[in-house]
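The values are calculated or read from the model by the stated rules, or taken from the named source; none is laboratory data. Since the structure is predicted, the reported quantities are computational estimates derived from the model, not experimental observations. Reconstructed Cβ throughout: ideal geometry from the backbone, glycine too, with neighbour counts over all protein chains shown.
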Amino acid sequence: MLRKNANWLALALLFALACPAQAAPGAKPKAITYRISKSYTTLSFTATKWMVFKEEGLFQDFSGTLSYDPANPAACAIDVTAQAASLDTRNSTRDQVLRSDDFFDVAKYPTLAFHSTGIAPSGPDSLSVTGDLTIHGVTRRVTVPVHVIGARVMPGIGDFAGFETTFTIDRRDFGVLGTRWSGNKVAIDPSVVIHLLIGGVRD
């Protein structure tokens with residue numbers, strides 16, 4: 001009898017290990033936290049110069065995390081910080097001007113950052129993300145549309161999530177003026193288009 005009970009106990013333990021406990025009825029699954037990957041992320045911007053040229057730039061050095069739960073958008077969050085000095089427009093002279101105190105002033109304000117404060121669904125594969133955007137030491141509350149590219153486990157490779165957003169800011173709201181460089185003329189349009197491709201990897 002003892003041996004028979006021991007066999008049943010062993011089978012019960014094996015079954016419990018093979019079948020993880022289910023969440024309580026009504027409980028919401030927890031958001032998965034991903035590390036923002038430099039390999040799959042691009043933080044870029046576009047500005048119009050002299051009402052003729054579209055000039056693009058990006059930030060090469062950044063880090064952050066994002067939490068995502070497709071069943072519970074309110075539990076989602078994103079934090080990303082970019083190093084201002086890593087700005088790259090493929091023109092070293094232009095980069096130096098943009099890093100100067102006439103624009104980003106990277107010596108005084110070494111980082112740019114975004115910290116979400118609220119996320120809500122806005123349609124199929126779409127989120128409305130509200131958060132604090134800090135540029136040039138100035139923080140403004142913004143709400144941006146985010147497209148959910150997808151979240152997937154690739155067997156043998158990893159667990160990934162991808163997002164994309166495009167929105168426009170007025171650089172003057174953040175004190176990025178460039179008046180000395182342009183002689184107080186609007187050589188660069190105040191509106192700057194921000195385009196972010198965010199790729200997350202679960203560690």
Query raised in the report: Mind checking which residues of region 104-141 are modelled with pLDDT under 95 and crowded, with 16+ Cβ neighbours inside 10 Å?
Result: none
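When you look at ASP173, is it outside any strand (DSSP E or B) and over 28 Å from ALA75 (Cα atoms), yes or no? Steps first, answer last, please.
Values: outside any strand (DSSP E or B): yes; over 28 Å from ALA75 (Cα atoms): yes.
So ASP173 fits the description; yes.
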**Report entry** Residue match in region 52-63 (condition: without any contact (Cβ under 8 Å) to a residue 40 or more places away in the chain, more than 21 Å from ARG180 (Cβ to Cβ) and aliphatic (A, V, I, L, M))
**Finding:** yes
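To keep it simple, each residue is scored yes or no on (1) hydrophobic (A, V, I, L, M, F, W, C); (2) farther than 21 Å from THR89 by Cβ; (3) outside any strand (DSSP E or B); (4) out of contact with any helix residue (DSSP H, G or I) (no Cβ under 7 Å at 6 or more places or on another chain).
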| residue | (1), (2), (3), (4) |
| --- | --- |
| ARG35 | no, yes, no, yes |
| SER39 | no, yes, yes, yes |
| LEU43 | yes, no, no, yes |
| THR48 | no, no, no, yes |
| MET51 | yes, no, yes, yes |
| LYS54 | no, no, no, yes |
| GLY64 | no, yes, no, yes |
Query raised in the report: Does region 181-203 hold any residues that are surrounded by 14 or more Cβ atoms within 10 Å (Cβ to Cβ), part of a strand (DSSP E or B) and modelled with pLDDT of 95 or more, and which are they?
Result: VAL192, VAL193, ILE194, HIS195, LEU196, LEU197, ILE198, GLY199, GLY200, VAL201
Query - Flag for ARG99 being in contact with a Leu (Cβ under 9 Å, 6 or more places away or on another chain), surrounded by 13 or more Cβ atoms within 10 Å (Cβ to Cβ) and over 18 Å from THR42 (Cβ atoms) - result: yes
Query raised in the report: Could you count how many residues in region 59-116 are among the acidic types (Asp, Glu) and out of contact with any Gly (no Cβ under 7 Å at 6 or more places or on another chain)?
Result: 5
Query raised in the report: Of all residues in region 162-185, which are touching a Phe, Trp or Tyr at 6+ places or on another chain (Cβ under 8 Å) and more than 14 Å from LEU196 (Cβ to Cβ)?
Result: VAL176, LEU177, GLY178, TRP181
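Here's the yes/no breakdown for (1) at positive phi; (2) β-branched (Val, Ile, Thr); (3) assigned to a strand (DSSP E or B); (4) in contact with a Lys or Arg (Cβ under 6 Å, 6 or more places away or on another chain):
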| residue | (1), (2), (3), (4) |
| --- | --- |
| THR93 | no, yes, no, no |
| LYS108 | no, no, no, no |
| PHE114 | no, no, yes, no |
| SER122 | no, no, yes, no |
| LEU127 | no, no, yes, no |
